[in-house]
Amino acid sequence: MDHSPALTSDLIGRESEVVLFEVERGAIRKFADAVQDQTSACVRGDVAPPTFPTTFRMTIPGVSFDLARVLHGAQEYQYERPLRAGDRVRCRVRVADVYHRQGRLGEMTFLILAMEGQDESGSRVFTGTTTAILR
Amino acid sequence: MIGPVLAARPDQDLDSGSVLPDLRKPPITKMQLVKYAGASGDYNLIHTDDETARTVGLDGVIAHGMLSMAFLGEYLCWLAGPESVRRISVRFVAMVRPGDTLTCRGRVKERRTSNAVRRLRLEVWTENQRAERVTVGEAEVEIT
């Protein structure tokens, strides 16, 4: 696998493009089926499960890493309202922080990504924060 | 499944420290990990291909942390209703493997009531069949 460049604090503030995602009923149903989520509204595909924004995948220029060396350390989502089938959300993800820590396995890099999704009127629907740990 | 289970509870059963009912999930299977990879778009092969998992020092595939978090998402929907989840925040603290059975558990940390809306801050976690916590976190839900 390619050797990805080191992640440094220079990346803080760097952003993805704004990407429009349409919340599809079928995608909600498929997600609920995989999770064996029995929430009726999710099984029907009406309301997206709380972790559904994980399906909104975006890239930030200059931020890449070897998937085999990354651990998902933590994740948060905050909602103004739930996502529903038919919603069109404009999402963007930004490097909120990069820092290094000495751990048991040597130096680890912590990459904090902040995501926001807005509805078509520009109101925030949700935010997400990802902590990725690279070893 | 019927719910939300907390809506019918009186306030005194939602005080700080109140233990919430459990949600036990079926055992995790490799098929589930393949389906979750497809549904979520996380195609990291350490979750679906044993050979790849072994090249990074694992015994075999491990579950996506986000799958355990999704279980907690379902737990919150079951407790409070899918329209009521305001925040979910977790740390992934241990690996989950096919064959593991996870149970979602929780307790109330704080209850605030205003205008007939009860906002609950919950401690939530998933634990495996050995009672080891694998995903730990906090959530906020609003119930009317």
Which ³J(HN,Hα) values, rounded to whole Hz and listed in residue order, are derived for the range B:73-78 from phi using the Karplus coefficients 6.51, -1.76 and 1.60 in 6.51 cos²θ - 1.76 cosθ + 1.60 with θ = phi - 60°, glycine and proline given as x?
x, 4, 4, 5, 5, 5
FRET efficiency for residue A:8 and residue B:8 from the Cβ-Cβ distance with R0 = 45 Å, rounded to 0.05, comes out at 0.30
Against the 2.2 N^0.38 Å rule of thumb, the C-alpha Rg of the range B:46-99 sits at a ratio of 1.44
Provide the per-residue ³J(HN,Hα) series for the range A:107-115, in order, calculated from phi with Karplus coefficients 6.51, -1.76, 1.60 and θ = phi - 60°, each as a whole number of Hz, with x at glycine and proline positions.
6, 10, 9, 9, 10, 9, 10, 10, 10
For the range A:72-108 versus the range B:96-110, the gap between their alpha-carbon centres in whole angstrom:
21 Å
Please identify, among A:67, A:113, A:83, the residue showing maximal mean-square fluctuation in a Gaussian network model of chain A using a 10 angstrom Cα cutoff.
A:67
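If you wrap chain A's Cα atoms in a convex hull and average its projection over all directions, what's the area in nm²?
With the hull built on Cα positions only, its mean projection is 9.2 nm².
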Check which residues have an amide H placed less than 5 Å from residue A:73's amide H, if you skip close sequence neighbours.
A:131, A:132, A:133
If amide H atoms are built 1.01 Å from N in the plane of the peptide, which residues on other chains or at least 5 residues away come under 5 Å of the amide H of residue B:134?
B:126, B:127, B:128
Grab the DSSP H runs of chain A that are 4 residues or longer, score each as -39,500 (n - 2.57), total them, divide by all residues and round the 222 nm result to the nearest 500 deg cm²/dmol.
-3000 deg cm²/dmol
Note down the relative contact order for the range B:31-144 as a percent, whole number, built from C-alpha pairs under 8 angstrom at least six residues apart.
23 percent
In order through the range B:47-54: 3J(HN,Hα) via Karplus (6.51 cos²θ - 1.76 cosθ + 1.60), integer Hz, x for Gly, Pro
9, 9, 10, 4, 4, 4, 4, 5
Amide H of residue A:100: which non-local residues (sequence gap of 5 or more, or other chain) have their own amide H closer than 5 Å, using H built in the peptide plane?
A:110
Quick one: helix B:30-40 against the long Cα principal axis of chain B, what's the angle to the nearest 10°, folded into 0 to 90?
70 degrees
Calculate the translational D of chain B in whole µm² s⁻¹ from Stokes-Einstein, where the hydrodynamic radius comes from the Kirkwood formula applied to all Cα pairs, the temperature is 25 °C and the viscosity 0.890 mPa s.
153 µm²/s
Could you calculate the contour length gain from residue B:113 to residue B:142, that is, 0.36 nm times the residue separation minus the distance between their Cα atoms, to one decimal place in nm?
9.5 nm
How high is the relative contact order of chain A? Use alpha-carbon pairs under 8 Å, at least six apart in sequence, and give a whole percent.
30 percent
Looking at the P(r) of the range B:1-80, how many percent of alpha-carbon pairs lie beyond 20 Å?
48 percent
Quote the Stokes-Einstein diffusion coefficient, in whole µm² s⁻¹, for the protein assembly as shown, based on the Kirkwood radius over alpha carbon pairs, a temperature of 4 °C and a viscosity of 1.567 mPa s.
67 µm²/s
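Compute the orientation-averaged projected area for the range B:71-144 from the convex hull of its Cα atoms and round it to one decimal in nm². Please list the in-between numbers first.
Numbers: hull surface 19.5 nm².
Approximately 4.9 nm², given one-decimal rounding.
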Just flag the GluC sites (Glu not before Pro) in the range A:66-133 sitting in loop per DSSP whose Cβ has no more than 10 other Cβ atoms within 10 Å.
A:120
Angle between the Cα long axis of helix A:25-35 and the longest principal axis of chain A, 0 to 90 degrees, nearest 10?
60 degrees
Report, in deg cm²/dmol and to the nearest 500, the calculated mean residue ellipticity at 222 nm for chain B, where each DSSP H run with n ≥ 4 adds -39500 (n - 2.57) and the sum is divided by the residue count.
-7000 deg cm²/dmol
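Rule-based calculations on the coordinates, nothing more; no lab input. Just so it is clear, the model here is predicted, and its values are computed rather than measured. For neighbour counting, all protein chains shown are included, and Cβ atoms are generated from backbone atoms with ideal geometry for every residue, glycine included.
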